[in-house]
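Okay, structure first, notes after.
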Amino acid sequence: MKLPSLYVVSAGILLSCWQCVATAQQVQQPQLPQLLSQALSEDYALAGSRQSEHALTAQGNAVQAMPDPRISVGMLNVPTDGFALNEQAMTQLKMGVSQMLPRGNSVALQRDALAAKAAEHPARRALRKAEVTRAITLA
């Protein structure tokens, strides 16, 4: 009678060991495509490049806006002994409006320069993706 129970116990131990090995085999190392996608999605240089491109594009749009006009109001030749405005005929009221205008093609040149800087970022991101891919593939 002891022999069958020994078989049952050894079979149970063998079965539990086989189950542990099967479970360990199921927990596999992450595959290369998974590693690459995770590394590219969490890369701060790529995110920073996207933000810089967006900022440069926004600056290029903002360059086209003209500065606000200025309004000025003033009084000239006011008598100082009584401050009566109708005491002498030389009191004057001065009103003015001024607007700063950009010189020549400076707005277009600034806009084109910012657009050129923004256009560099997709190529930089492609280079960074290639560097990350190479580093992970070789590691």
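Each reported figure results from applying straightforward, stated rules to the coordinates on display, with no laboratory input. These numbers were taken from a predicted model, which means no experiment stands behind them. Cβ placement follows ideal geometry from the backbone for every residue including glycine, while neighbour counts extend to all protein chains displayed.
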Exposure proxy check: Asp112, Asp81 ranked by fewest other beta carbons within 10 Å?
Asp81, Asp112
Got a sec? How would His121, His54 order by Cβ neighbour count within 10 Å, fewest to most?
His54, His121
